[in-house]
Amino acid sequence: MIAPPLVGRNAVITGGGRGIGAAVTRRLAEAGATVLACSRDASAASELIGQLNERGDRAFATACDVTSPDSVAAMAEYAGETLGHVDILVNNAGRAHSAPLHHQTLEEWNRLFAVNVTGTFLCTQAFAPAMAQQAWGRIVNIASIAARTGLRYVSAYAASKHAVLGFTRCIAAEMAENGVTANAICPGYVDTDMTTETVERIMSKTGLGREEALASILQTTPQRRLIDADEVAFVAAMLCEDGAHGINGQAIGIDGGEFLG
Ligand code: NDP
């Protein structure tokens, strides 16, 4: 019998309690990894972690606000106690916001950058040096199609995700000789709370019904559908396998062919 590909690997997933993060946590556990799912409130991930442990996976949950250096340091310490070493980091925690430029507030701009960019930096800095030392590591950053193109009303979000992609490429270059890869996944609209909130914002701003509001965001998508969180998890898990060593510094689209640059 062939062992699952990530047996013996330990993974940390930020925002791992729900949405894309929960799908990645589940998929990595299914692939044999021991997983630590982080959410601002550890209880957000406890149900998922309970299910994984019940079926025999090794899974842990802890609290972490990725915008806080102290919280990231405490999470890294907990990861050391529970997992020993960390092989895989999935920087998934994220925040979205849309507004035309003239309504974009500095406070929301800073909040977005704190989660999407500073959070990715702090968590990567907490784990990547040890990955380099052990000569094996996988960093997977959940960016967005907005990391690769410009769209209306999402200047702060797109700027933050472009920053995540730039950071990813630099870390990929910096770690390339140390057995560590860093890649960005760039999904289109995914069927999670984040997209539900986007649809509800459109409904409240335009008076459109739910179906019409959803149709308006799907207009530019070739497949006319939302991406499933499991589709993102599938690619994240693939990037963590030994066989993906040569994939480094890439922006991998999961958007049904929407962005072809
Ligand atoms: P959700 O809004 O469903 O979930 C957001 C996740 O981020 C939650 O797990 C949340 O944790 C976590 N989070 C937010 N702020 C913090 C923080 N300060 N510290 C720690 N965790 C935090 O979003 P998705 O699952 O859809 O998105 C996940 C990632 O995918 C994000 O980076 C997003 O930008 C990206 N993405 C999403 C797309 C979409 O259409 N949904 C498309 C492209 C990319 P908590 O449980 O504590 O709230």
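The values are calculated or read from the model by the stated rules, or taken from the named source; none is laboratory data. Bear in mind the structure is a predicted one, so any value in this text is a computation, not a measurement. Every residue, glycine as well, gets a Cβ built from its backbone with ideal geometry; the counts of neighbours run over all protein chains shown. Keep in mind that these areas ignore ligands, DNA and RNA; they rest on the heavy atoms of the full protein, side chains included. Shrake-Rupley method; radii C 1.70, N 1.55, O 1.52, S 1.80 Å.
Taking region 132-174 on its own, how many of its residues are modelled with pLDDT of 95 or more, of a type in the set (Phe, Trp, Tyr) and in contact with a Pro (Cβ under 7 Å, 6 or more places away or on another chain)?
0
Surrounded by fewer than 19 Cβ atoms within 10 Å (Cβ to Cβ), within 16 Å of residue 151 (Cβ to Cβ) and modelled with pLDDT of 95 or more: does that describe residue 222?
Taking the combined requirement at face value, the residue satisfies it.
Please indicate, with yes or no, whether at least one residue in region 13-32 is within 9 Å of the ligand (Cβ to nearest atom), farther than 24 Å from residue 228 by Cα and in the same structural domain as residue 110 (by TED's automatic domain parsing).
No, region 13-32 contains no residue that is within 9 Å of the ligand (Cβ to nearest atom), farther than 24 Å from residue 228 by Cα and in the same structural domain as residue 110 (by TED's automatic domain parsing).
Does at least one position in region 175-185 carry a residue that is surrounded by fewer than 16 Cβ atoms within 10 Å (Cβ to Cβ), in a helix (DSSP H, G or I) and touching a helix residue (DSSP H, G or I) at 6+ places or on another chain (Cβ under 7 Å)?
Looking through region 175-185, none of the residues is surrounded by fewer than 16 Cβ atoms within 10 Å (Cβ to Cβ), in a helix (DSSP H, G or I) and touching a helix residue (DSSP H, G or I) at 6+ places or on another chain (Cβ under 7 Å).
State whether the residues of region 201-212 include one that is part of a helix (DSSP H, G or I) and within 12 Å of the ligand (Cβ to nearest atom).
There is no residue in region 201-212 that is part of a helix (DSSP H, G or I) and within 12 Å of the ligand (Cβ to nearest atom).
Since residue 185 meets every condition but one in (1) out of contact with any Leu (no Cβ under 9 Å at 6 or more places or on another chain); (2) within 16 Å of the ligand (Cβ to nearest atom), which condition does it not meet?
Status for residue 185: all satisfied but (1).
For a quick check of your reading of the model, give me the residue pairs whose first member lies in region 136-156 and is away from the ligand (no atom under 11 Å from the Cβ), whose second is open to solvent by 40 Å² or more (accessible area, probe 1.4 Å) and of a type in the set (A, V, I, L, M), with beta-carbon atoms closer than 7 Å and at least 6 apart or on different chains.
Within 7 Å, the pairs are 155/101.
Test residue 194 against the criterion of being assigned to a helix (DSSP H, G or I), open to solvent by 20 Å² or more (accessible area, probe 1.4 Å) and in contact (Cβ under 8 Å) with a residue 24 or more places away in the chain, and give yes or no.
Taking the combined requirement at face value, the residue satisfies it.
What about residue 231, is it outside any loop (DSSP other than H, G, I, E, B), farther than 23 Å from residue 164 by Cα and either within 10 Å of the ligand (Cβ to nearest atom) or at pLDDT 95 or above (or both)?
no
Where the second residue is within 9 Å of the ligand (Cβ to nearest atom) and open to solvent by 70 Å² or more (accessible area, probe 1.4 Å) and the first is touching a residue at least 24 places away in the same chain (Cβ under 8 Å) and lies in region 34-48, which pairs have Cβ atoms under 9 Å and are six or more apart or on separate chains?
Correct list of pairs: 39/18; 44/18; 45/18; 48/18.
I'd like to know if region 99-111 contains one or more residues that are open to solvent by 10 Å² or more (accessible area, probe 1.4 Å) and under 18 Å from residue 64 (Cα atoms).
yes
Among the residues that make up region 201-224, is at least one of them touching a residue at least 40 places away in the same chain (Cβ under 8 Å) and either under 25 Å from residue 99 (Cα atoms) or not hydroxyl-bearing (Ser, Thr, Tyr) (or both)?
yes
Out of 41, 57, which single residue is open to solvent by 60 Å² or more (accessible area, probe 1.4 Å) and either modelled with pLDDT under 95 or not in a helix (DSSP H, G or I) (or both)?
41
Which ones in region 225-242 are open to solvent by 50 Å² or more (accessible area, probe 1.4 Å) and touching a residue at least 12 places away in the same chain (Cβ under 8 Å)?
225, 228, 230, 231, 234, 241, 242
Please enumerate the residues belonging to region 114-132 that are open to solvent by 30 Å² or more (accessible area, probe 1.4 Å), of a type in the set (A, V, I, L, M) and closer than 12 Å to residue 175 by Cα.
Within region 114-132, 130 is the sole residue that qualifies.
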